[in-house]
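No lab work stands behind these numbers, since they all come straight from the coordinates. Bear in mind that the values here come from a model prediction, so they are computed numbers and not experimental data. Cβ coordinates were reconstructed from backbone atoms using ideal geometry, including for glycine residues, and neighbour counts include every protein chain displayed.
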Amino acid sequence: MVILSEWLAAQLDKESAEPAYRQLLQLMQQAILTGRLAPGSKLPSSRTLAGDLGVARNTVLHVYDQLSAEGYVLSTTGSGTYVADTRPDCAAVSTPAAADDSAGDENGAGAAFPRGDMSIRGQRLIDEAGVSAKQWGAFMPGVPDVAEFPARTWSRLQARLWKSANHGLLTYAPGGGYRPLRRALSDYLRVARSVRCTPDQIIITTGIHQSIDLAVRLLADYGDIAWVEEPCYWGARSVLRASGLKLAPVPVDAEGLNPREQDLREPPRIALVTPSHQYPLGMVMSLARRRTLLEYARQHKVWIIEDDYDSEFRYGSRPLASLQGLDDSGRVIYVGSLGKLLFPGLRIGYMVVPERLAAMFRTGVAELYREGQLMQQAVLAEFIMDGYLTSHVRRMRMLYGERRQLLIDAVTSHFGDALPVMGDEAGLHFVLGLPDHADDRAIAAAAYDAGVIVRPLAAYYSVRQELKGLLTGYACVPHEEIEPAFATLAQVIETHAFAKPQKQRRAG
Ligand SMILES: Cc1ncc(COP(=O)(O)O)c(C=O)c1O
C-alpha cells in the first residue's frame, strides 16, 4: 500500500486546475484497469491515504464512494474496501467466428480480404462518396440563393407559432408529418406538378435522400436490382447502394431513360428516374418514354421512384407535369424537397406514395427515423398556405433566369461556341461541355484550388463516361460575381483543355 500511496503522490498535481478529487479518481481507476492494483487487494483506509497524500479525508471518501458506485471496488462494512475482479472473461468472448478476421464478398460472406473497422458496404460508401466540404460559392451546382430567402417572413410566422406552441407541436410527428403541411403540399403539388394525391398519401421526410432510403427499405430487398440513369445523381446512387441494392445503370438519350434489351430482360425492383429534368444532363423524358416506363412497371411490378428535385425552375416554358400524374397503376413513388425551393439546410422533403402503401409508409418513417421537427413543418405549412412559397419561387425563377443568361454570356464571350452549354432550360445548373480529350475531374480539382466549385460529369457516370463536362451552378452566385468567377474558371479550362502541345523538336 505504501507503493500505491507513493505512486499516487507522485502523480497528483496540486497546482493543476483539475480538482484533487477528479485526479485521484482517474488515477485509481487507471491503477485498477491496468492491474497496478490487483483484484482482491485491499485499499488503505481513507484516513491513511488522505494523510499520505496531504488531501482532505472527505476527498478520499468521495473517491472511494464513486469507485464503489462504478463497480471498481467492493466495500464491506467493518472489513474495508477491496479491488473488485472486473477482468474480462477471455474464454467466454473468444469464439471461432471472432478469430476469423475476414469478410469476403459484398455481403460479408466468403473470406476474401480482412475486414477493418468499417463494414465493406460502409467502406465502399466512404470511398465513393461525392459529398463535398464546401457547399457555397460560384459555381456550386444545385444550390439556391439562400441570401434571397424571406427570413423575416419565416421568423414572423415562427414567432407566432411559438406563442401558441403546445404538446401537439413539440412531440414526435407521428402519422407521416404535420397534417396541415401535408394538406398544403398536396394542394401545391396538384397545381404546380399535376401530382394526383390526397394528404394521406404524403409522408414528410428530411429530404430526397431519406425518401429514397425509406422507399428502398420498405419496397426492396438486399440484392434486388435498381435501375439508375447513366449518368445520375451520385447521392441517390449512394443511398441505393448502401441499402444493398445492385445498381444497373441504364443509358439516357435526348428523350430520357432508354433501356436496352439487356436491361429489359431482367426487370428491376426499383427504377430511379428524374423525368422532368434529367440529372445531371437536363433533358426531359418524352411522353412516349413515360408511358412505356409506366407500362413496363405495371407488367413487371417495378417501383418507379420519381425524383422531382427542381422542376419548378423552368426558363421559357411552363414546368412539366409529373410522371406520377400519368400513373394509373400505383407504381410511382414521387419524391421532392424544399431544399432547392427555399434553403438546403431546412431538411424538409416529402414523398407521395400510392394510396395502398400510405399507412405502411407512415409507420415505416416513424419506426426507422423517429420523425419530429413539427414546429418547422408548421412554419412551412403557414408559409405555403399564405402564398409565400409560390411568390418566392416566382421571384427566384426570374432571378436565376437572369443569372443563367449572364453565365451563358460569359461562356460565349470566353469560348465562342467551342464549348456547348447543355441542359440549361431548367434547374439551378447547366452542363458546360468539354472536348473529348479533356479530363473533367482534373479541371474541377484545379478550379477548386483556384476558388471555383464545379463538379465533373465523370462523378455522375457509373460505367462509361459518354460526355465530358462540368456541372456549373449559377443560382447562388450574385450577378456581379458571375463574370469574374467564370474568368477564373475559363483560365483553368484553357490551361487544361486547350493548352497547345509542346512543339516537337525536329529530328536531325
Ligand atoms: C437529383 C437530386 N436529387 C436529390 C437531391 C438531394 O435532395 P435532398 O437535399 O432533399 O436530400 C439532389 C441534391 O443536389 C439532387 O441533385
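Things worth noting here:
- Label-reachable residues, the range 6-34, where backbone N falls under 20 Å from a point 7 Å from residue 65's Cα toward its Cβ: 19-29
- Extension gain for residue 408-residue 89 works out to 107.9 nm (0.36 nm per residue, less the C-alpha to C-alpha distance).
- Span from the the range 226-263 Cα centroid across to the the range 419-441 one, whole angstrom: 20
- Mean shadow area of the range 2-83, taken as a quarter of the surface of its Cα convex hull (nm²): 5.0
- Working ranking of peptides 120-131, 41-52 by packing, defined as the average number of other Cβ atoms within 10 Å per residue, highest first, is 41-52, 120-131.
- Electrostatic tally near residue 362: other residues with Cβ closer than 11 Å to its Cβ, Lys and Arg +1, Asp and Glu -1, net -2.
- Seen against the Cα atoms of the chain and their longest principal axis, helix 2-11 is set at about 40 degrees.
- Residues residue 41 and residue 13, FRET efficiency given R0 of 25 Å [Cβ-Cβ distance, rounded to 0.05]: 0.50
- Overall shape of the chain was characterised from the C-alpha gyration tensor. The equivalent ellipsoid obtained from it has semi-axes of 54, 31, 28 Å, in decreasing order.
- Tally of Lys pairs whose C-alpha atoms are under 28 Å apart, taken over the chain, 8 or more apart or cross-chain: 8
- Cα-based helix-to-principal-axis angle, 151-163 vs the chain, degrees rounded to 10: 50
- Put a dot 7 Å past the Cα of residue 363, heading toward its Cβ, do the same for residue 315, and the two dots end up 4.8 nm apart.
- Footprinting exposure proxy for 163, 246, 14 (fewest neighbouring C-beta atoms within 10 Å first): 163, 14, 246
- Nearest-ten-degree value, helix 440-449 long axis tilted from longest Cα axis of the chain: 60
- In this rough spin-label picture, where each label sits 7 Å from Cα along the Cβ direction, the residue 436-residue 172 distance is 5.7 nm.
- Neighbourhood charge, 15 Å Cβ-Cβ cut-off, centred on residue 481 and excluding it, Lys, Arg +1 and Asp, Glu -1: -4
- Under the Karplus curve 6.51 cos²θ - 1.76 cosθ + 1.60, θ = phi - 60°, whole-Hz ³J(HN,Hα) for the range 136-147, x wherever Gly or Pro sits: 8, x, 5, 10, 4, x, x, 10, x, 7, 5, 5
- Note: the range 391-497, Cα convex hull, 101 Å³ per residue.
- Placing a pseudo-label 7 Å from each Cα along the Cα-to-Cβ vector at residue 491 and residue 6 gives an inter-label distance of 6.9 nm.
- Rounded to whole Hz, the Karplus (6.51, -1.76, 1.60) HN-Hα couplings of the range 232-244, x for glycine and proline: 8, 5, 4, x, 5, 4, 5, 4, 5, 5, 5, 8, x
- Counting DSSP beta bridges with both ends in the chain, the antiparallel % (nearest 5): 60
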